[in-house]
Amino acid sequence: MINRTVRLAAFALGALACAACAADPAPRQKPPRQAQTQGPTLRAFGSDAELSRYVGALAAEYRRSNDFAGVGKAGGVAQPAAESEVPAPAVVPAEMAPADRAGESITNVQHAGVDEGGIVKVHGDYLVILRRGRLFTVRIGGDELRPVSASDAFGPGIDPSGTWIDEMLVSGDRVVVIGYSYQRGGTEVGVFRLDGGGGLTWQSTYQVRSGDYYSSRNFASRLVDGKLVLYSPVPLYMGDGDGLAGFPAVRRWGAGDTTFHRTAPATRVYRPASDISAREGVMLHTVTVCSFVGDGMDCQATALIGPEGRVFYVSRTAVYVWASRERTNERGNTRPPASMLYRMPLDGSAPVALGVSGGPIDQLSFLESGDGALNVLVEDDGNGETMWRQEYGGGVLSLLRVPLSSFGDGSRAAAADAYRRLPTPGDGALQNRFVGDWLLYGRGAGWDAAVGSSRVFAVRWAGGGAVDSLALPHGVDRLEAMGSGAVVVGGDGRDLHFSGVRLDRAHATLAGRYTRPNAAQGETRTHGFFYRPDEADAGLLGLPIAEAGRPGYAQLDRGSASVLFLRNRAFDLTEAGALASRDANAPDDACRVSCVDWYGNARPIFLRGRIFALMGYELVEGRDAAGRIRELRRVSFAPGRALATRTAQ
């Protein structure tokens, strides 16, 4: 397996040579009702013996087709110790959490009520921050701004070498850290206890068998109704020996028993929805749901055998996996990918599938809408979201819209008229977002340099009507909801632009623009942006910015210059101020692990009427007075620096 660092080096060199290459880079609403799926579902295996025979036949085919010598396992998942068989888990219906039940989300999530793993979360009077392999807490209660504690983001006695500690969630008084270990081959989940004084105590660490889940846009974990939801691609073992040795399993470190325990018995492993060949690559698309019990977790998994390519999306009711493979004709040329779309309900019922064509760009290409339908923007040659594949692509775009009731055992495919052909934009990385009743999309810089002028396209997903094409003097690097409309953020190589988009019942129109001279977007991931609505079509937005012309990939090892705040008044965008970073003078943090900011390092935070800017190891608070946001105070929580609050003059 090629890890992220190798892929990053290759990507950076390619980006310098070509700002819009088409080749695959080398690396790393109201709640919808439940689907009425009374028809057939995918069929599970009846026993381990049946499953073993099936996997053995795939492995034999693979060895014959590749002159396989019987060494290693596809995907690099470590060969485990002996396993402990588990009975089929009892199905307990999951109750969906209401939107923003806590009312204090500081994460720009895709769906209210579905939290996403990130680098900063709030719990009571404390912010919890994940930074370069360490956890930090900062007290913000009682009008304070005071660093409290710091801890390694991995357990004692665990060698962090070869591990990327990526994201974090907070559930009750538990801080859950998710990473991937190339050394051990699998997803690692650390559980920490957050006490009433902001102290952190490690409790347990689990290894979950998987291949590398990394995506430059998506997040590996979700939190739904207090339960951890993980998507993991698990490569099938294609060597001699026990064909079930690499199946989904979990083990707990330091608990005395280092045995992997199966989380998906044969009765929770589902057959392919269509014929599949080992020569094309086979993956166990696995969804693991963990409940927190005592100081640890109780995890159960559902797995689907399918093609390698994938994009996954989590709604309030289900996990969707779009799995694709390339078919080769007699002359060795590839045809557009043949795909299968799986729906894995969060209530524990059996998965269903639907044959589809092409592939989505990323998780934002999906919307499970409140009318019982699934809407997906697809490219006819979509690459999936492995590593950085979604940053490149092309081909014809279509909007797929299917009722959830059309899913079944995979023997049916979406009808041709379920795809609505859409205009295809020019060069650049494709961005897309569902906002209200609209789908917006366009191309911009992505992880490369700015593309200059572009267009944003807007189409109502629930019906007909023309596609509105809006000309912009900048690229489409970010699409976000803003009140009843949206905002398009993008650069032109010199300046950074924010263009408002008004969305009415019939048309989308441009409405107001703010331009920040000599600037570029400082973060590309969705969590880098946040909008605080104050009243109808009035609010405050924040976004990290950097120097002009900086390509997106520079965010991995360079911090943002500041967090910019704009005020929205009926799409009239005006600058409210900026909170600047001084982190360039921070001392050496003696980083041991995760020393590349794959998930970014800067965030705007709006919390309980207060305004913060997180930038590297600094947390800056601003005061909104007389229409301007100015620095009130700042703290550094960097290791080795005195944890003292400084009040700005």
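Numbers below:
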read-out: Test for G198: is it of a type in the set (G, A, S), surrounded by fewer than 21 Cβ atoms within 10 Å (Cβ to Cβ) and more than 14 Å from the chain's Cα centre (by Cα); value: no
read-out: Elements of type strands (runs of 3 or more DSSP E) in segment 288-328, at least 1 residues being modelled with pLDDT of 90 or more and under 18 Å from the mean Cα position of the chain (by Cα); value: 309-314, 318-328
read-out: Odd one out for V396 among (1) modelled with pLDDT under 90; (2) under 23 Å from the mean Cα position of the chain (by Cα); (3) within 26 Å of G464 (Cβ to Cβ); value: (2)
read-out: Single match in E547, E575, E523 (criterion: in contact with a Ser or Thr (Cβ under 8 Å, 6 or more places away or on another chain), of a type in the set (D, E, K, R) and under 25 Å from G493 (Cβ atoms)); value: E523
read-out: Selection count, segment 213-249, where residues are under 22 Å from the mean Cα position of the chain (by Cα) and not in a loop (DSSP other than H, G, I, E, B); value: 14
read-out: Close pairs (9 angstrom Cβ cut-off, 6 or more residues apart or separate chains): loosely packed, with under 13 Cβ neighbours inside 10 Å and modelled with pLDDT of 90 or more in segment 142-159, of a type in the set (K, R) and not in a loop (DSSP other than H, G, I, E, B) anywhere; value: D143/R610
read-out: Residues (part of a strand (DSSP E or B), under 13 Å from L400 (Cβ atoms), modelled with pLDDT of 95 or more and not hydrophobic (A, V, I, L, M, F, W, C)) located in segment 343-368; value: E368
read-out: Segment 521-538 - residue that is in a strand (DSSP E or B) and not polar (S, T, N, Q) and, of those, surrounded by the fewest Cβ atoms within 10 Å (Cβ to Cβ); value: E535
read-out: Residue check, T263 under 14 Å from P307 (Cα atoms) and crowded, with 20+ Cβ neighbours inside 10 Å; value: no
read-out: Residue check, A414 buried (at least 18 other Cβ atoms within 10 Å of the Cβ), hydrophobic (A, V, I, L, M, F, W, C) and more than 26 Å from Y531 (Cα to Cα); value: yes
read-out: So D275, is it buried (at least 18 other Cβ atoms within 10 Å of the Cβ) and in a loop (DSSP other than H, G, I, E, B); value: no
read-out: Long-range neighbours under 6 Å by Cβ, at least six apart or interchain, first residue hydroxyl-bearing (S, T, Y) and at pLDDT 80 or above within segment 251-264, second in a loop (DSSP other than H, G, I, E, B) and crowded, with 20+ Cβ neighbours inside 10 Å; value: T263/P248
read-out: Count of segment 593-609 residues which are touching a Phe, Trp or Tyr at 6+ places or on another chain (Cβ under 9 Å), of a type outside the set (S, T, Y) and within 19 Å of S161 (Cβ to Cβ); value: 3
read-out: Residue identified as farther than 25 Å from P40 by Cα and of a type in the set (K, R) among R268, R310, R279; value: R279
read-out: Matching residues, segment 567-591, being buried (at least 19 other Cβ atoms within 10 Å of the Cβ) and either over 17 Å from E631 (Cβ atoms) or out of contact with any Phe, Trp or Tyr (no Cβ under 8 Å at 6 or more places or on another chain) (or both); value: R567, N568, F571, L573, S581
read-out: From the options V451, V459, residue that is modelled with pLDDT of 95 or more, farther than 30 Å from A273 by Cα and surrounded by 18 or more Cβ atoms within 10 Å (Cβ to Cβ); value: V459
read-out: Test: residue in segment 89-98 that is under 24 Å from the mean Cα position of the chain (by Cα) and at pLDDT 90 or above; value: no
read-out: Exclusive hit being part of a loop (DSSP other than H, G, I, E, B) and not polar (S, T, N, Q), set V501, V451, V456, V487; value: V451
read-out: Single unsatisfied condition, S216 versus (1) polar (S, T, N, Q); (2) crowded, with 24+ Cβ neighbours inside 10 Å; (3) under 17 Å from V593 (Cβ atoms); value: (3)
read-out: Residue check, G185 under 23 Å from the mean Cα position of the chain (by Cα), of a type in the set (G, A, S), farther than 19 Å from D589 by Cβ and surrounded by fewer than 19 Cβ atoms within 10 Å (Cβ to Cβ); value: no
read-out: Subset of segment 183-212 (residues that are closer than 19 Å to V593 by Cβ, assigned to a loop (DSSP other than H, G, I, E, B) and among the acidic types (D, E)); value: D212
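For every residue, the table says whether it meets (1) within 22 Å of V120 (Cβ to Cβ); (2) modelled with pLDDT of 95 or more; (3) touching a Leu at 6+ places or on another chain (Cβ under 6 Å).
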residue	(1), (2), (3)
G493	no, no, no
D504	no, no, no
R513	no, yes, no
A536	no, no, no
L541	yes, yes, yes
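The values are calculated or read from the model by the stated rules, or taken from the named source; none is laboratory data. Since this is a predicted model, take the numbers as computed values, not measurements. We place every Cβ from the backbone using ideal geometry, glycine too, and count neighbours over all the protein chains shown.
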